[in-house]
Amino acid sequence: MIEAGTVKFLRRTLIAGGSTLALFAGFAAAPMVFSNGANAQEINPTAIAPPNGAPMSFADLIERVRPAVVSISVRQRPDAATGPQVEGLPPGFEEFFRGRPGRPGGPAPTALGSGFFIDQSGVIVTNHHVIEGAEEITIRTSDGRDIQADIVGSDEATDIAVLRVRGGGRFPYVTFDDARHVRVGDWVVAVGNPFGLDGTATAGIVSAMGRRDAGSSAYVDYMQIDAPINRGNSGGPTFDLAGNVIGVNSAIFSPTGGNVGIGFAIPAQTANSIVQQILQNGRVSRGWIGVSIQPLDEDIARSLGLDEPRGALIASVVPDGPAARAGLQQGDVILTFNGQRIEDSRDLTQRVGATAIGNNSRVEILRGGNRRTLNLRLQERPSEQTLAAANPAPNATPPETPDGAPGVAQSSLGLSVRPATSEDRTRYELGANEAGLVVTAVEPDSDAASKGIRVGDIILQAGGRSVRTAAELSTAVDAARRASRPLLLQVDGRAGRRFIAAEVAE
């Protein structure tokens, strides 16, 4: 075993018939000789050479590309966050970079990251989270010069930022490749500034492509690599063996905070597209249709009569947005966008985001078991702050059930419900034409409970129709039973407004 941070020989001695065989790993050595009494056999070095595609050394490659890689030191505003706050990451996922928290009256928080020149005039690519909240940015080049840099623009959604050094000059640079040729198993080399150690180079392979569960961004399908990278590698490049940039390091999986061999890079084709928009316009703009969407699972697909869970389910429609003006409704399933089949909600987000603003687009939907095509004109996606303000956090306090009104049991669903009151309508900010049934009890072993329905949630729709009374809910239950399908419910509550497909018991 080769221990981290230590160069060791691997030696293993085999004793057989008086012969000794010593095996050493880690060096290209002179021809080895097997000794067996008076006879000696020389081993041809080519017989132990690496196979095609595996270099004896990465030294030439690293020597060529390392001058284009820089270290980035950021002095943040005193009120800057202590590190990027990313929601939706599985446990153990860490970004490379954490700012040092500032204290009242103490020094401003600081942080380190990596980046690389992409042209000789001093344009640098790095991560958004490296320079977020920056008050001053200093670039250290491979030859030890410290240069001030300014932010050209950044994109939080893809974690890409573009800087430009002050004063210009001529700098060594590297170029993006589109990375579409990259395959799992290809060699990669990462160069960066882990823990402030400038110019650190590591090598490994591409472990997987198209990782969608490695970060919160709906706009990035990450490249997974096993080249050792750590905090401070943020924004550094991942190279192929030709010296092209095929990725920008962005995140690691780390239960301990250190490298465990699972890192994630933003693929070059995604990063370069964002960089070019920033260089041309100073910012990134994306298409927007004005809907909230949720994934389809097997049960929801069955409840809608679909053979497979492909498409994007509309959970809500922004009033007076492009989708609303085109006639899309909550509960519709978007099947295709401009003739391209939609695999899931993330696929729709990426296709819409990549469509030019103002373009007319065709959307095929499923509604009430029927397919139809609608036309809509895309708008520019509002800022994340604007969208967050328009979609407040779910209500954390369930409504209380009035004394003497325990609710009507719906045994097929394992629920009891009562009609919503005016207080409920106010609490859940229901629209003028919205009503519903408040859940007053849930059987713990019911499918509804396993799907996340809780006491205090409000059922707005059942089977694609609004429900105001327990009798209307029973009608929807009977229809689902006759069709041998789960019942699709639209529910609002502490987990937000969403669709749930609940199994109907006999």
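The values are calculated or read from the model by the stated rules, or taken from the named source; none is laboratory data. Worth saying up front: this structure is predicted, and the values here are computed from it rather than measured. Here Cβ is always computed from backbone atoms with ideal geometry, including for glycine, and neighbour counts include all displayed protein chains. Areas reflect the complete protein model, heavy atoms only, side chains present, ligands, DNA and RNA absent. Shrake-Rupley method; radii C 1.70, N 1.55, O 1.52, S 1.80 Å.
A few points about this structure:
- Any chance V174 is among the aliphatic types (A, V, I, L, M) and in a loop (DSSP other than H, G, I, E, B): yes
- Selection from the range 57-88 of residues that are assigned to a helix (DSSP H, G or I), crowded, with 20+ Cβ neighbours inside 10 Å and either modelled with pLDDT under 90 or of a type in the set (G, A, S) (or both): A68
- Residue check: F171 meets all listed conditions (1) of a type in the set (A, V, I, L, M, F, W, C); (2) farther than 17 Å from R145 by Cβ; (3) buried (at least 18 other Cβ atoms within 10 Å of the Cβ); (4) over 24 Å from the mean Cα position of the chain (by Cα) but one, namely (2).
- Restricting I314, I278 to those that are in a strand (DSSP E or B), under 25 Å from the mean Cα position of the chain (by Cα), surrounded by 18 or more Cβ atoms within 10 Å (Cβ to Cβ) and among the aliphatic types (A, V, I, L, M) reduces the list to I314.
- Test: residue in the range 482-496 that is closer than 16 Å to S411 by Cα and part of a loop (DSSP other than H, G, I, E, B): yes
- Lone qualifier among V220, V184, V206 - being open to solvent by less than 40 Å² (accessible area, probe 1.4 Å), part of a loop (DSSP other than H, G, I, E, B) and closer than 24 Å to D347 by Cβ: V220
- First in the range 146-163 and closer than 14 Å to V248 by Cβ, second anywhere and of a type in the set (D, E), Cβ under 7 Å, 6 or more apart: L163/D150
- Enumeration of residues in the range 429-440 that are of a type outside the set (S, T, N, Q) and surrounded by 15 or more Cβ atoms within 10 Å (Cβ to Cβ): L430, E434, A435, G436, L437, V438, V439
- In the range 321-342, the count of residues that are closer than 26 Å to S466 by Cα, outside any strand (DSSP E or B) and open to solvent by 60 Å² or more (accessible area, probe 1.4 Å) is one or more.
- Residue identified as of a type outside the set (S, T, Y), open to solvent by 50 Å² or more (accessible area, probe 1.4 Å) and at pLDDT 90 or above among I151, I124, I160: I151
- Tabulated pairs, the range 367-387, first at pLDDT below 95, second assigned to a loop (DSSP other than H, G, I, E, B) and loosely packed, with under 10 Cβ neighbours inside 10 Å, C-beta under 7 angstrom, 6+ apart or interchain: none
- Top-ranked residue of the range 462-502 - restricted to ones that are under 31 Å from the mean Cα position of the chain (by Cα) and not hydrophobic (A, V, I, L, M, F, W, C), ranked as most open to solvent (accessible area, probe 1.4 Å): R494
- Hits in the range 441-461 (condition: in a loop (DSSP other than H, G, I, E, B), open to solvent by 40 Å² or more (accessible area, probe 1.4 Å) and either hydroxyl-bearing (S, T, Y) or without any contact (Cβ under 8 Å) to a residue 40 or more places away in the chain (or both)): E443, P444, D445
- Being within 18 Å of the chain's Cα centre (by Cα), at pLDDT below 90 and crowded, with 17+ Cβ neighbours inside 10 Å holds for only one residue in A214, A227, and it is A214.
- Boolean, G153 is in contact with a helix residue (DSSP H, G or I) (Cβ under 7 Å, 6 or more places away or on another chain) and either acidic (D, E) or more than 16 Å from S114 (Cα to Cα) (or both): yes
- Residue count for the range 281-290 satisfying the condition of being in a loop (DSSP other than H, G, I, E, B) and out of contact with any helix residue (DSSP H, G or I) (no Cβ under 9 Å at 6 or more places or on another chain): 1.
- Considered as a group, the residues in the range 291-310 that are part of a helix (DSSP H, G or I) and out of contact with any Phe, Trp or Tyr (no Cβ under 7 Å at 6 or more places or on another chain) include one that is most open to solvent (accessible area, probe 1.4 Å), and that residue is E298.
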